[in-house]
Amino acid sequence: MSVESWIAEQKNRLIEDLVTFLRFPSISAQPAHRADLHRTAQWLRVQLEALGFTVSLLGDPPVVYGRYDGPTGAPTVLFYGHYDVQPPDPLEAWTSPPFEPRLTDEAIYARGATDDKGQVFAHLAAWRYLQQQEGRLPVSLHVVIEGQEETGSEVLYEVLAGQGQAWRSDAVLVSDTAFFSEEVPTLTVGLRGLLYTEIRVRGPARDLHSGTLGGVVENPALALARILVALKGPDGRIRVPGFYDRVRPPDAQERALWRSLPACESYYLELTGAPELAGEVGFSPLERVSVRPTLDVNGLWSGYTGPGSKTIIPAEAAAKVSMRLVPNQDPERIWEAFAAYVREVAPPGVTVEVERLHPPAPPFETPTDSPFYKAAEEALRVAWGKAPIPLREGGSIPVLSALSKAAGGPVILMGFGLPTDALHSPNEHFRWRQLWGAVKALTYWYKRVGSLPK
Ligand code: BES
Ligand code: ZN
């Protein structure tokens, strides 16, 4: 049976299973959801066992590991994905609750729908099809689905360190990225790295009456504001000394490809809903979201933020500040320069602490000359009717370098999201066309790779 007919026949059952997967509030950032991470991992274990995998749960929150011994002589693929999701807030901005999936004709709405549960599910579906149709999977597999991707993959790094040669593979396959657009199938060939920090500024020992004591102490909120303002100029350039030292300029071939894409100003205005675009002068929006490094404030708090007024000088202020890094920037060097600079620009009268919130993600690039990449090009051509383009993405997947090293093979970033999926935002969704197309493309890829000489 063709994969299209199989999908048509199995659709209700597949959707039911995807809905179950999406109902787990597996939010890795929030300690209160630890048990939900375990429940999600258990569910995945059951799914994989039903598909013939030998499964173990490693660490806490568990890395779900599944092993499948394919036909002798067939290549080994390491599949990587994540079952954790970003916090869903602000909840009031969702049109339906984030963990009660809503189905429309076009898409399925839920936190994790595209990032990454929906995409992981496309692989489960492809394996189910292959098992049912051919009685076995065409390749050997190490399946690694972690519960901490959205918070830096600490447990998986530890698990990886203990694996030695056990996860050697011919290629790593990941579906946690996006197409350029619905009409432009895309293979991701690079991701930015990430350095995530928190800055805490402390002033008086407690919140003070801003009248009786206003005028004799530095205000931590203002001090923090001065620090933040010092990080980036009005030209969008990051002011941390040495920040751009090693940034590699894009090559001519890449620039030519970008010029052919409809990534104009209005495209980003629509995608963001911002009144105007901003960013580093001298670079196009597409360059600014892919090959240029950036710095952002992800969260900022201090003092009284409830209704009405309260007259205080807050005792402290804090901000979460992250930097996206590009090839050849070294996260360690940037971290040291950043921390030193924050201390240097802090005004007197407060104490400042700078901390990293998780292991830094190094910038990542992957080759396009392997037979596994060629198979991905073919798979997308088969499922979408046109050849994919290679594109760098601005997001990060921390463990890819480490995984590629452990596997000893190239990483194929064949993701099926869309820039309009609202990942990390309210009303995240995954379009059915992308999901079913993914199942078709992945089925093709696994079969094609199964026939490659080892
Ligand atoms: N799936 C994303 C990364 C991504 C999104 C790549 C869109 C390409 C296109 C991933 O789950 C993610 O969000 N990663 C985090 C990692 C971080 C918290 C260490 C990110 O990029 O913010
Ligand atoms: Zn994400």
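Per-structure values
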read-out: Some residue of the stretch 381-393 being within 28 Å of P293 (Cα to Cα), near ligand 1 (Cβ under 10 Å from one of its atoms) and open to solvent by less than 10 Å² (accessible area, probe 1.4 Å); value: no
read-out: Matching entry among S175, S181 (being surrounded by 15 or more Cβ atoms within 10 Å (Cβ to Cβ), farther than 21 Å from P327 by Cα and within 16 Å of ligand 2 (Cβ to nearest atom)); value: S175
read-out: Filter result for S169 (away from ligand 2 (no atom under 16 Å from the Cβ) and within 23 Å of T368 (Cβ to Cβ)); value: yes
read-out: Boolean, T368 is surrounded by fewer than 21 Cβ atoms within 10 Å (Cβ to Cβ), in a helix (DSSP H, G or I), of a type outside the set (D, E, K, R) and in contact with a strand residue (DSSP E or B) (Cβ under 9 Å, 6 or more places away or on another chain); value: no
read-out: Count of residues meeting criterion [under 17 Å from L418 (Cβ atoms), more than 13 Å from ligand 1 (Cβ to nearest atom) and aliphatic (A, V, I, L, M)] in the stretch 170-217; value: 1
read-out: Strands (runs of 3 or more DSSP E) fully within the stretch 21-135 counting 3 or more residues that are open to solvent by 10 Å² or more (accessible area, probe 1.4 Å); value: 54-58, 63-68
read-out: Given (1) within 16 Å of ligand 1 (Cβ to nearest atom); (2) without any contact (Cβ under 8 Å) to a residue 60 or more places away in the chain, index of the condition A161 fails; value: (1)
read-out: Any helices (runs of 4 or more DSSP H) falling wholly within the stretch 174-275 and containing at least 2 residues that are hydroxyl-bearing (S, T, Y), out of contact with any Lys or Arg (no Cβ under 8 Å at 6 or more places or on another chain) and free of Cβ contacts under 8 Å to residues at least 60 places away in the same chain; value: 265-272
read-out: In the stretch 290-328, residue surrounded by the fewest Cβ atoms within 10 Å (Cβ to Cβ) [restricted to those that are under 30 Å from P249 (Cα atoms) and of a type in the set (D, E, K, R)]; value: D296
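The values are calculated or read from the model by the stated rules, or taken from the named source; none is laboratory data. All figures in this text were calculated on a predicted structure; none of them were measured in a lab. A quick note on method: Cβ atoms are made from the backbone with ideal geometry, for glycine too, and the neighbour counts reach across all protein chains shown. To get the accessible areas, we keep the full protein, side chains included, count just its heavy atoms, and leave off ligands, DNA and RNA. Shrake-Rupley method; radii C 1.70, N 1.55, O 1.52, S 1.80 Å.
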